[in-house]
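One structure is given below, encoded as structure tokens.
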Amino acid sequence: MRNPQLNKHGELQHLLTIDGLPREILTAILDTAAPFTEVAEREVKKLPLLRGKSIFNLFFENSTRTRTTFEIAAKRLSADVVNLNVSTSSTAKGESLLDTVDNLCAMQADMFVVRHAASGAPFLIARHLETTGRDHIHVVNAGDGRHAHPTQGLLDMYTIRHYKRDFANLTVAIVGDVLHSRVARSQIGALTTLGVPDIRVIGPRTLLPTDVEKLGVRVFHDIREGLRDVDVVMMLRLQNERMNGALLPTPQEFFKVWGLTAEKLALAKPDAIVMHPGPMNRGVEIDSAVADGAQAVILPQVTFGIAVRMAVMSMLAGQQGGNK
Amino acid sequence: MQTLDAEALCQALVEQMRPHVTPTTALLGIHTGGLWLARRLHQALGLTQPLGAIDVSFYRDDFGSKGLHPQPQRTDVPFVVEGADVIIVDDVLYTGRTTRAAINELFDYGRPARVDLAVLVDRGGRELPIAARYCALTLPEPLPASQNLQLECDPSGALTLRLIDA
């Protein structure tokens, strides 16, 4: 079966998940993002690439950083951006997701950036567009349920490549609530595809998916053992809002065992970098001293995220419905 | 068609430009051939402003039909554009569309006092009202669209021009 994200020429048509994307495409996105980082230093922080295109930010779930960076990325590419806030939208009046999409298509949408609490919602939209012959319209997944958050995974890869140059000899640890994290799934997919030889997943049994080893990672239930000699520490947010039932005792106790402190970070390589997708829970998964410390690259991640999203949107908009 | 000696053309271009440049003239080479040429000109003319490099991928007018050029390079303008005397450098002048894109991109960095264009070869076939102030060779007959004139650069910086059937 053809990957639904690629057109028949093997070019990126939608970005729904990192799973199944060949290494060449991931590398092309990172390579394309590099020159976009420089736009922020100009007098005029705008490129004319997406002039006249309409991009709809469809956020059915809260987000500040992701929605804002997508909006800035689209605006720096000269696109017109429309932000739809779900609480004031017709979804609240009972309109179905695909009816909303059809209505926005009737307003000449060129691209949808979708965040949804249901895993697979962006895929549903992409398939709907394809079966109705509207393959000039592109979909970017900005996070769906527990499934995927591909632009976050890509900006994390960009950050790692920026500081570590190469993926070939790295040891990368992903720490915390992997079970509820779409970010972790995208990170693992990207790290595997880009050839990172040692990917570690560190967390309590209750917050790791069963059979997580099958994704090609090594599992550690002891954070001190897991962090030893790693090059990159990727922290995850403890996702209280996605939890049902008693998966952990209290945030304070979680911090005591799993929180990243300077003392635990000292076990990693001296030049290890610390990443976090945000929003951070200080004193829960990460200590303030580490979050604000010299090894943290959490704010550069946000800045790189703009360039990576510019790269994705311009690569997608450059494909003119190649399935025809 | 006569063989083109890129080194001799480069020397001729330097002599054309020399009476008109000042130490504060800024050079901006268009990736990739124009940048190779700009490096040579920058050195030969003894310019003190750091050399700029420009990739016009994000400003091309064929994005709508061809999409994004693969592997765009970094644009690097290390001098203050506002009020500057800028010479855009490219290896071959053809339709003029690359030059237009470069001028547009340059203006997003500020308002230069003056912009000129220097090229090694004008191959004819213009589609826009653009002309080079400095040009080492204008082909007597426009080159057919089926042919490409391509600049190459060896590791020592020596330039050669090659005629390729597209």
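Just so you know, all these numbers are worked out from the coordinates, no wet-lab data involved. Note that the structure is predicted; figures quoted are calculated from it, not measured. Cβ: placed from backbone, ideal geometry, glycine included. Neighbour counts: every protein chain shown.
Brief remarks follow.
- Beta bridges by DSSP in chain B, antiparallel share as percent, to the nearest 5: 30 percent
- Applying the Karplus relation 6.51 cos²θ - 1.76 cosθ + 1.60 with θ = phi - 60° to segment A:124-138 yields 3J(HN,Hα) values of 4, 5, 4, 5, 4, 5, 5, 5, 9, x, 10, 7, 8, 9, 10 Hz, where x marks Gly and Pro.
- Top of B:Tyr134, B:Tyr94, B:Tyr109 by mean-square fluctuation, Gaussian network on chain B, Cα under 10 Å: B:Tyr109
- Peptide B:66-72 shows a mean partner chain C-beta count of 6 within 10 Å per residue C-beta.
- Seen from all directions on average, segment A:89-162 presents a Cα convex hull projection of 5.9 nm².
- Taking label positions 7 Å along the Cα-Cβ direction at both A:Val82 and A:Asp99, the computed distance is 1.7 nm, reported to one decimal.
- DSSP beta bridges confined to chain A are antiparallel in about 5 percent of cases.
- Förster radius 60 Å - calculated FRET efficiency between A:His9 and B:Asp85 (Cβ-Cβ, nearest 0.05): 0.85
- Among beta bridges that DSSP assigns inside segment A:1-142, antiparallel share in %, nearest 5: 5 percent
- Note on A:Arg65 and B:Glu152: the model spin-label points, each 7 Å out from Cα along the C-beta direction, lie 4.9 nm apart.
- Footprinting exposure proxy for B:Asp116, A:Asp222 (fewest neighbouring C-beta atoms within 10 Å first): A:Asp222, B:Asp116
- FRET efficiency, A:Lys256 to A:Arg218 (Cβ-Cβ, R0 30 Å, nearest 0.05): 0.80
- Global form of segment B:1-93, assessed from the alpha-carbon gyration tensor, a/c cut-off 1.5: oblate
- Local charge for A:Lys53 was computed over the other residues whose Cβ lies under 10 Å away, with Lys and Arg +1 and Asp and Glu -1, and equals -1.
- Taken one residue at a time, the phi angles of segment B:63-70 give Karplus couplings (6.51, -1.76, 1.60, θ = phi - 60°) of 4, x, 9, 10, x, 6, 4, x Hz. Gly and Pro are set to x.
- Highest-MSF residue in chain B out of B:Ala102, B:Ala131, B:Ala145 [GNM, Cα springs under 10 Å]: B:Ala145
- Volume of the Cα convex hull of chain A, divided per residue and given in Å³: 138 Å³
- Ordering of A:264-274, B:117-127 by packing [mean C-beta count within 10 Å, highest first]: B:117-127, A:264-274
- On Cα atoms only, tilt of A:182-193 relative to the major axis of chain A in degrees: 90 degrees
- Residues B:Phe79, A:Phe36, B:Phe107, arranged from fewest to most other Cβ atoms within 10 angstrom of their Cβ, appear as B:Phe107, B:Phe79, A:Phe36.
- Gyration tensor over alpha-carbon atoms, segment B:89-166, equivalent ellipsoid semi-axes in Å: 23, 17, 11
- For the listed peptides B:22-29, B:9-16, A:103-110, a ranking on the average number of other beta carbons within 10 Å per residue, highest first, reads B:22-29, B:9-16, A:103-110.
- Fewest neighbouring Cβ atoms within 10 Å first, the residues A:Thr68, A:Thr151, B:Thr99 line up as A:Thr68, B:Thr99, A:Thr151.
- Computed over chain A, the per-residue total of -39500 (n - 2.57) for DSSP H runs of n ≥ 4 gives a 222 nm mean residue ellipticity of -10500 deg cm²/dmol, rounded to 500.
- Estimated FRET transfer efficiency (A:Tyr163, B:Asp62; beta-carbon r; R0 41 Å; 0.05): 0.70
- Of the trypsin sites (Lys or Arg not before Pro) in segment B:11-95, the ones in a loop by DSSP (not H, G, I, E or B) with at most 16 other beta carbons within 10 Å are B:Arg74.
- Relative to the Cα centre, the charge distribution of segment A:194-316, modelled as +1 at Lys and Arg Cβ and -1 at Asp and Glu Cβ, gives a dipole magnitude of about 220 debye.
- Result for chain A in a Gaussian network model with C-alpha springs under 10 Å: among A:Ala79, A:Ala190, A:Ala118, the largest mean-square fluctuation is at A:Ala118.
- Per-residue Karplus couplings for segment B:148-165, computed as 6.51 cos²θ - 1.76 cosθ + 1.60 with θ equal to phi - 60°, are listed in order as 10, 9, 10, 8, 10, 9, 8, x, 7, x, 5, 9, 9, 10, 10, 9, 10, 7 Hz, Gly and Pro entered as x.
- Expected-Rg normalisation [2.2 N^0.38 Å, Cα atoms] applied to segment A:117-276: 1.12
- Neighbouring partner chain Cβ atoms per residue of B:54-60, average, 10 Å criterion: 3
- Proximal charge balance of A:Leu267 [Cβ under 10 Å; K/R count +1, D/E count -1]: +1
- Simple label model, 7 Å out from Cα along Cβ direction - B:His20 to A:Ala40, nm: 3.9 nm
- Counting Cβ atoms of other protein chains within 10 Å of each Cβ in B:107-114 and taking the mean gives 2.
- Net charge of neighbours whose Cβ lies under 10 Å from the Cβ of B:Arg97, counting Lys and Arg as +1 and Asp and Glu as -1: 0
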